[in-house]
Structures are given as C-alpha cells and as structure tokens.
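Q: Take this structure, written in structure tokens, and hold onto it; I'll ask about it next.
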Amino acid sequence: MTHTRTTFRGRALATVLTLSLAVPVAGTAGALAASPGGSDTASAGEKASARLHLPRPTGSFAVGRDTLHLVDKSRRDPWVPSAGARELMVSVYYPARHGGGQPTAYTSEKEAALLLKAGGLEDQISASAYSATRTFARADVRPAAGRFPLVVLSPGFTAPRSTLTHLAEELASRGFVVATVDHAYESYGTAFPGGRILTCEACEPSTKPGMGKVVTEGRAKDLSYVLDRLTGGQAAWRHTRMIDADRIGAGGHSIGGAAALAAMTSDRRVRAGLNMDGHFHTEPTGLKGRPFLMLGTEAQHTPGVEDGVNWDETWQGLDGWKRWLTVRGSGHFTFTDLPVLTGQAGVVDPQVPLSGERSERVTRAYVAAFFDRHLRGTPRPLLDGPSPEHPEVTFRRR
C-alpha cells in the first residue's frame, strides 16, 4: 500500500505496536523512556506498583457493559477461510442506573501480553498490570430508562477494541449505547469463546497493494452486521430496546475510521461518521449531506501537507456538515487509551508532547460534541471554532 503508516504498520510490521504505544506516526520509531514527571506520569519505580486506570466518565449515567460473540454465517472469514464464518467480538456499553453490578476487566492477561510484546513494552509494563487496568463500566447493571443513540467504533489495525474503552465509557455515561468491535484475525491478539486467542493472520496479506481498500470494505460489512444484530429482527443483545435505530453513528481509529466512512456509503442507517487519524481507502460517495468529522494529527493530517493529501481529497468530496480538526503535539494513537496508560506507567515518547491526560480530554470533548450535535440535535459551540479550553485543536471548515 502507498500509505501504511497510519493504517497498518509503521515503516515495517515489526514497529506497528511500538508506534501504537509510544511513537508518532511520522514513520520513525522514537525512543521509549521513563517520563521525567508531569500530571499523569511518574518515575518507573513509582509506577511499578501503581494500578493503571482509565479516566472517570464525566456524564450523568453509570455505565454498563455486555460482551457479545457474533457470527456472520453469510460470509467466510477473508483471512482464514478454513475457519468458516466471519466472527466478531463486541463490547456493548450502555447508559445504566447507579448501583449494583460487578466490575469489568479491561482485557485478559494473554491479550495484554501479546499487545505489550508487539510494542516492545513488556519490560516497562507487565501484562498483569496492563490487564488489571481499572475500568468504570460494570456488568449486570440495570439499564437506564429511555431510548438512546447507538455509536459503533472500530479500532486501528492490529489494535484490539479495548484501546477505545475510555471513549466508549465516556459516551455511554453521556447517554449513548456504544459498541466497540474486534474483527477476527486483525489484531495482535483477541480472545474468542472456547479459550481461543486469534492473532493477526491479516498482517502479512495487508502488505500487498490495494489491501487497504479490502480491509476497509470488509470492516464496513462487519459494522453493518453489528447493526443488524443490535437493532434488527435477530437482535443478539438483551437490551436492544434501549437503542433508537433512527440515530446511529459510526467511528473509529486509523483504518477503523476509514471503515466508518465506508459503512456510511454502503449503509444508510449510519447518520454520522468519525475518522480519528486514519488514511481513507474509499470515496465519500452517496452520503447525501450526512455529517462527518475528521480528527487528525499535525504530522500526518494537517491540510495541504503531503501526508494529508488523501484527507484533502476526501474533504472535498464530503457534501454535508464537516469538520477537519488537527491536534498539535499529538501522535497517531493520541485518540485511544494507549497514551493514558503508558503515561501512567512512565513510558513516554519525546516526539509526542501531548500528555495522556490532554489526549483523552480532547478526544472525549470533540467526539462527544459531534455525536451530541448530529445524533441528538443538541447545539455544541465547541464545534464552531477554536476554543481556549483546547488550544491544541485547529479547524479547517472549507
């Protein structure tokens, strides 16, 4: 592919999770080092015994979480045809009533070990510490009364759905049902039923020309299938009546964001879309005025720069409400959980000055404002222009 740095790997597959966890996507791997300090960092010795934690959701609802294993029998898995039907793992976060339920795990220790090893961080962060990251969603908690918009989120290539947890919890606390999706064989390791850990069988094929489009369109089909199972006649979720099927959004990080646009073009149910720093692989055709938000890094997705040409072209093709926001000091994985957790562990990248704390605040603020505005019709002045609360964010609107 011509632009692998933001969608699949750095300059080589071996550096993907190094990029994921601590290195900007400008293409070269910066050094990992213990942070000298800061509001959300501390020395490596202090962090060795500290528990990692996600930021607390800011909305008025408690957050519930269910886990679904979905099997699309109409499609064979594109990466391992011998495996049979296409499988997905989905975490559904929902607005809940306060009180009751049980804590939920961030990820399994096996999944954490694969992620950290791929990133070269197993010596800085233990798999047990990473998997024990504190979350705020609870299992078996009563849903809140009412019907709520649905947002489906797809992670970056090689990254598991857990990397979008703090955003999912925040949106659920604000009154959205959120489904984060793991696509089989497209992450370094995802747990499936039966004790299976499916690893990245798609990594090698993805290096071939044209595979960005293949992955993007495949994920778009995955997202449409998730919508079928959450809102259709064969609903797989016990609280499906919470969902207002007339208010659906899609978003994602890296190629997950590209898939959100592809899903919008092929599925009219998706009313609003979001791409967090992913190179596009399909055209923005047939949107018919539906809104789209592009949230990107300064190095890769500043209007007019060489690496942003693909965004320039897509921007011109968007025919409805649109915003292109560039975040100064950010890295490719700024919009995920990773800078939050690695920062707490004292692992930083000197080439990405934006802290984990600022990363999550910017991401939550603009993503929530976008879906509030376009799935709820709630005015959000934050989207109208630069804000003193978020000086890192610059706007392109024309």
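Q: Which of the strands (runs of 3 or more DSSP E) found entirely inside region 248-347 contain at least 1 residues meeting this: of a type in the set (D, E, K, R) and out of contact with any Ser or Thr (no Cβ under 8 Å at 6 or more places or on another chain)?
A: So the answer is 270-276, 322-327.
Q: Is there a residue in region 202-211 that is part of a helix (DSSP H, G or I) and either within 18 Å of the chain's Cα centre (by Cα) or without any contact (Cβ under 8 Å) to a residue 60 or more places away in the chain (or both)?
A: no
Q: I would also like to ask the following. Looking at region 314-322, is at least one residue free of Cβ contacts under 8 Å to residues at least 60 places away in the same chain, of a type in the set (K, R) and at negative phi?
A: No: region 314-322 contains no residue that is free of Cβ contacts under 8 Å to residues at least 60 places away in the same chain, of a type in the set (K, R) and at negative phi.
Q: Also, quick follow-up: Can you spot a residue in region 348-357 that is surrounded by fewer than 22 Cβ atoms within 10 Å (Cβ to Cβ) and not in a loop (DSSP other than H, G, I, E, B)?
A: yes
Q: While we're on this one: Looking only at region 79-105, count how many residues are outside any helix (DSSP H, G or I), surrounded by fewer than 21 Cβ atoms within 10 Å (Cβ to Cβ) and either of a type in the set (A, V, I, L, M) or over 22 Å from the mean Cα position of the chain (by Cα) (or both).
A: Of the residues in that region, 10 qualify.
Q: A follow-up question, please. Working only within region 174-188, note down all residues that are more than 23 Å from T216 (Cβ to Cβ) and surrounded by fewer than 24 Cβ atoms within 10 Å (Cβ to Cβ).
A: Selection gives R174, G175.
Q: Given the structure, is G27 modelled with pLDDT of 95 or more and of a type outside the set (A, V, I, L, M)?
A: no
Q: Right, something else. Pick out the one residue from F371, F335 that is in contact with a Gly (Cβ under 8 Å, 6 or more places away or on another chain) and buried (at least 24 other Cβ atoms within 10 Å of the Cβ).
A: Testing whether each residue is in contact with a Gly (Cβ under 8 Å, 6 or more places away or on another chain) and buried (at least 24 other Cβ atoms within 10 Å of the Cβ) leaves just F371.
Results for (1) among the aliphatic types (A, V, I, L, M); (2) touching a residue at least 12 places away in the same chain (Cβ under 8 Å); (3) assigned to a strand (DSSP E or B), shown as yes or no for each residue.
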| position | (1), (2), (3) |
| --- | --- |
| G146 | no, yes, no |
| G156 | no, yes, no |
| A168 | yes, yes, no |
| K213 | no, yes, no |
| T216 | no, yes, no |
| A235 | yes, no, no |
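Q: In region 218-233, what residues are farther than 24 Å from R364 by Cβ and in a helix (DSSP H, G or I)?
A: G218, A220, K221, D222, S224, Y225, D228, R229, T231
Q: Ok, one more. Whether any residue in region 252-261 is within 17 Å of the chain's Cα centre (by Cα) and of a type in the set (S, T, N, Q) is what I want to check.
A: Looking through region 252-261, at least one residue is within 17 Å of the chain's Cα centre (by Cα) and of a type in the set (S, T, N, Q).
Q: Follow-up. Only one of these conditions is not met by T180: (1) more than 16 Å from H69 (Cα to Cα); (2) touching a helix residue (DSSP H, G or I) at 6+ places or on another chain (Cβ under 7 Å); (3) at pLDDT 95 or above; (4) of a type outside the set (A, V, I, L, M, F, W, C). Which number is it?
A: (1)
Q: Here's another thing I want to ask about it. Conditions: (1) surrounded by 21 or more Cβ atoms within 10 Å (Cβ to Cβ); (2) at pLDDT 95 or above. Q300 meets all but one. Number of the miss?
A: (2)
Q: To continue, here is another question. For region 350-398, enumerate the residues that are at positive phi and either in contact with an Asp or Glu (Cβ under 8 Å, 6 or more places away or on another chain) or in contact (Cβ under 8 Å) with a residue 40 or more places away in the chain (or both).
A: Matches in region 350-398: none.
Q: For region 270-297, give me each residue that is within 20 Å of the chain's Cα centre (by Cα) and surrounded by fewer than 24 Cβ atoms within 10 Å (Cβ to Cβ).
A: Once the filter is applied, which keeps residues that are within 20 Å of the chain's Cα centre (by Cα) and surrounded by fewer than 24 Cβ atoms within 10 Å (Cβ to Cβ), region 270-297 yields R271, H281, T282, P291.
Q: Another question, if that's okay. Among the residues of region 111-144, count how many are among the polar types (S, T, N, Q), in contact (Cβ under 8 Å) with a residue 12 or more places away in the chain and assigned to a loop (DSSP other than H, G, I, E, B).
A: Qualifying residue count, region 111-144: 3.
Q: Ok, one more. Suppose the filter is farther than 29 Å from K117 by Cα, crowded, with 19+ Cβ neighbours inside 10 Å and in contact (Cβ under 8 Å) with a residue 40 or more places away in the chain; does R161 pass it?
A: So R161 fails the test.
Q: Applying the selection to region 175-197, what residues are in contact (Cβ under 8 Å) with a residue 12 or more places away in the chain, part of a strand (DSSP E or B) and over 16 Å from the mean Cα position of the chain (by Cα)?
A: A191, F192, I197
Q: Next up: Surrounded by fewer than 24 Cβ atoms within 10 Å (Cβ to Cβ), touching a Pro at 6+ places or on another chain (Cβ under 9 Å) and not hydrophobic (A, V, I, L, M, F, W, C): does that describe H253?
A: The answer is no for H253.
The values are calculated or read from the model by the stated rules, or taken from the named source; none is laboratory data. Please read these numbers as outputs of a predicted model, since none were measured by experiment. So basically every Cβ, Gly included, is an ideal-geometry build from the backbone, and we count neighbours across all protein chains shown.
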